[in-house]
Structure formats: structure tokens, C-alpha cells
Amino acid sequence: MNPKERPHWPDFSKLEEKISYTFKDRSFLVEAMCHSSYTKHPDGTHISNERLEFLGDRVVNLCISDMIYHKLKNQPEGRLSKRVASLVRKETLAEVARKIGLGEFLLLGKGERQNDGADKENILADAMEAILAAIYLDNGGTITEAKKVIASFWSEGILETSFVDAKSRLQEWLQKQGEPLPEYELEEMMGDAHDATFRVIVKTEKFGEAIGEGKSKQQAQQTAAQALLVAKGVLGS
């Protein structure tokens, strides 16, 4: 079937505009946007972005490591490693994907579409890795163009801030105090589904509660955990 005849086929030229990169071989881009749930689509498609995701994980790690190495001069290996880890984690990849509006271009199976798969953090993060691998392969296995795309999106505030895994930090802190793990509850989802803001409350038995907001449930949970840690003096404000 011709791509133009496929139902719900995205306008990939708009995605190319968003990332400021035009594919020489658009089949790489199509594969990058094809979630595994779409392989059962009746149009006969039998590809998914899982192999590209595997390669993209390595591409983004190399590019971010190179950027951090040159940006944070004279910093020890330990600090460089922590900074890179924060910038290649699922939450950050999904944040970048949402900035691009990647969800609207994903090829998803019917069930995944109905379950808001286009806004799931794991699916967005995987697709972000896949598209970077696609750019890498489209250039014959050279890193230059993929690095340009990464630099353009990761530089907008993301590289300037250090990510604190507040959920893990809160869990560790509570365990040291002999307290049970915290509970997270979704209090409210504000705005349209495609651009929603989530408000989450974190509750502890002994140390009270705190509220956080974010563009995903996971981000809101991180914000809530960080707010509680700041309130208790565990983290600086």
C-alpha cells in the first residue's frame, strides 16, 4: 500500500521540519515511528522501532557524553557520569519528545492508540532514541547530524540543569529513617489531553505530604518528591 493511502498516516514532512532534518531515505524515519503494536496492523506492516531504539540508546549516550565532556571542563569522571545518566534517562528523552510533538507522528496499534500510547513516557522515550538512530543510519553511520539534532533540543535548558532523581532519594531517605515507602496519588489532570499538566501528591506516614506538577505523571511525582525533600531540609531549595 502506498504510504499516502494508509489510514492515519502522519505527515512526516512536518516532523522533519520540527527536528530540522530531512531524510534521504524516509524508510528509516517510518521505522523509527513504528511501535511494536503497529506490526499487527492490517495494512501488512511488519516492522517496529525496537532495533532502532537499541542503536539509538548508544547514539544518544555517545553524543551526550561528548557534549558534557566538553561543557564541564575539569570535572571528575563521577560527576560527568551522573550528569550524563540524568540526561539520557527515560524522563528526559520523553520530555524532549513532547517538545517536538513526537506523539502525533507515532504509528500505533489500535489498542495502544485507545490507551493514550502516544503520550506514554516509555513509548515516547523509545521513539526518541529510534529517531536519533534513524538519522545516524541515514548518514551512513556517521554521528554528525544526530549530534546536531541532540544539541538543538537538549541545549534548551536541559543541559543547564542537573536532574535530581528525587523519588529514589526520598525512598532511600525514608528507609534510613525506618519508615515505609511513600505513596503517590494523582490529584488532578489539568488542560487538554495532548498538553496536560498533572498534579500529584506524595504522602508519607511520619513526614507529611507535598504536591508536585509536571507534564507527565512521572515528572509530577519527581517534583512532589523533591518538594518534600526540600521541605524537610534533605535537599536545598
Full-extension gain in nm, residue 36 to residue 143, via 0.36 nm per residue minus C-alpha separation: 35.9 nm
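What is the mean projected area of the alpha carbon convex hull for the stretch 81-237, to one decimal in square nanometres?
Projected area, direction-averaged: 11.0 nm².
On full extension of the chain, what length is gained from residue 51 through residue 9, given 0.36 nm per residue of separation minus the C-alpha to C-alpha distance?
Contour length minus the Cα-Cα distance gives 13.0 nm.
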Mean projection area, nm², convex hull over Cα of the stretch 7-154: 8.5 nm²
Length-normalised contact order for the chain - Cα pairs under 8 Å, 6+ apart - percent: 17 percent
Charge-dipole axis of the chain as Lys and Arg at +1 and Asp and Glu at -1 on Cβ define it, positive-most pick from 37, 48, 170: 170
Value at 222 nm in deg cm²/dmol, rounded to 500, when DSSP H runs of n ≥ 4 in the chain each add -39,500 (n - 2.57): -16000 deg cm²/dmol
Cross-link pairs beyond the 25 Å C-alpha cut-off, checked among 73/148; 24/215; 73/217: 24/215; 73/217
Förster-model FRET efficiency, 41 Å R0, residue 116 and residue 232, C-beta, rounded to 0.05: 0.75
Size of the stretch 166-231 as Cα extents on the principal axes (Å, biggest first): 41, 17, 16
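Set the bar at 26 Å for Cα to Cα. Now go through 99/147; 99/206; 90/110; 18/147; 90/206 and name every pair that lies beyond it.
99/206; 90/206
Just so you know, all these numbers are worked out from the coordinates, no wet-lab data involved. As the structure is a computational prediction, the values presented were derived from the model and not from experiment. With ideal geometry, Cβ positions are generated from the backbone for all residues, glycine too; neighbour counts draw on all protein chains shown.
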